[in-house]
Amino acid sequence: MNAVILQPSYIPWRGYFHQVYKADLFIFYDDVQYDKHGWRNRNQIKTSQGKQWLTIPVHSGGATGGLPINQVRIDWAKPWNASHWKALNFAYGRAPCFKQYLPLLEPFYQRHDEFLADFTIDLTTAIARALGIHHTRFIRSSDLTGITGQKTDRLIQILKPLGVTHYISGPSAREYIEQEKFDAAGITLEYMTYDYPAYPQLQSPFDPQVSILDLLFMTGDRALGFILSPGEKGR
């Protein structure tokens with residue numbers, strides 16, 4: 001069984017969903033320390049004025065107090081959800097497939113979740129299904145018991161009891177993953193290569209790093225074809 005372990009993120013880019021597609025089991029790594037200025041609560045969209053950050057405000061304890069991701073609370077002092085929804089409408093109202101995803105996305109921006117991870121995990125899962133990824137099963141690491149290790153040991157403690165035999169990781173993890181421990185556990189390792197084709201965007205120049213929503217709004221039901229390699233299609 002193939003598995004991926006990734007921290008939950010807000011409307012992540014297409015490489016994140018490539019890993020979702022490749023996984024039989026996708027584990028949201030939500031019980032590790034929240035990283036300030038990371039991708040847990042923010043991402044970028046493409047606008048006529050350039051890239052724009054959409055950031056979900058969180059209470060300062062989540063950013064500076066060493067809290068795990070699943071305990072970080074959204075700060076509702078300002079109606080950020082309405083602002084984000086307005087920004088998406090303004091940036092992508094003319095996109096060919098924008099209206100196609102209104103019934104999916106608008107209810108999320110009407111929610112009032114207490115915890116950041118509850119919102120981002122549910123939204124990511126819904127987007128994956130909208131992309132046509134139906135085979136992947138999702139779980140949260142915080143729902144697992146008996147996980148006490150650190151770094152590579154922690155990953156293996158998560159994967160081994162679940163029957164995982166193949167682990168798919170982002171390329172930056174090469175710097176800290178201990179290959180020999182995976183070998184000893186009988187789990188093979190694969191590192192992602194991100195090499196994606198361009199697709200039409202409302203403004204030039206092309207920017208490959210923005211949120212998955214850009215790809216969805218521009219290409220609709222064809223979006224997965226701009227993520228997968230020819231050999232991966234048809235799973």
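The values are calculated or read from the model by the stated rules, or taken from the named source; none is laboratory data. Just so you know, these numbers come straight off a predicted model, no measurement behind them. Methodologically, a virtual Cβ is constructed for each residue, glycine included, from the backbone with ideal geometry; neighbour enumeration extends over all protein chains shown. Surface accessibility is based on the protein's heavy atoms, side chains included, excluding ligands, DNA and RNA. Shrake-Rupley method; radii C 1.70, N 1.55, O 1.52, S 1.80 Å.
Per this entry, Thr165 is not counted among residues that are touching a Phe, Trp or Tyr at 6+ places or on another chain (Cβ under 8 Å), surrounded by 13 or more Cβ atoms within 10 Å (Cβ to Cβ) and of a type in the set (Val, Ile, Thr). The residue that is least open to solvent (accessible area, probe 1.4 Å), among those in the range 18-39 that are within 17 Å of Gln209 (Cβ to Cβ) and part of a loop (DSSP other than H, G, I, E, B), is Gly38. Evaluated against (1) touching a Lys or Arg at 6+ places or on another chain (Cβ under 7 Å); (2) free of Cβ contacts under 8 Å to residues at least 40 places away in the same chain, Phe119 falls short on exactly one condition, (2). Taking the range 168-200 as the search range and keeping residues that are open to solvent by 20 Å² or more (accessible area, probe 1.4 Å) and of a type in the set (S, T, N, Q), which one is modelled with the highest pLDDT? Going through the qualifying residues, I end up with Thr188. Got at least one residue in the range 42-50 being open to solvent by 40 Å² or more (accessible area, probe 1.4 Å) and farther than 25 Å from Leu215 by Cβ? Within the range 42-50, none of the residues are open to solvent by 40 Å² or more (accessible area, probe 1.4 Å) and farther than 25 Å from Leu215 by Cβ.
If we keep just the residues of the range 123-151 that are small (Gly, Ala, Ser) and over 22 Å from Arg42 (Cα atoms), which is modelled with the highest pLDDT?
Per the stated criteria, the residue is Gly132.
Scanning the range 137-162 for residues that are of a type outside the set (S, T, N, Q) and either crowded, with 17+ Cβ neighbours inside 10 Å or under 21 Å from the mean Cα position of the chain (by Cα) (or both) turns up Arg137, Phe138, Ile139, Arg140, Asp143, Leu144, Lys151, Arg154, Leu155, Ile156, Ile158, Leu159.
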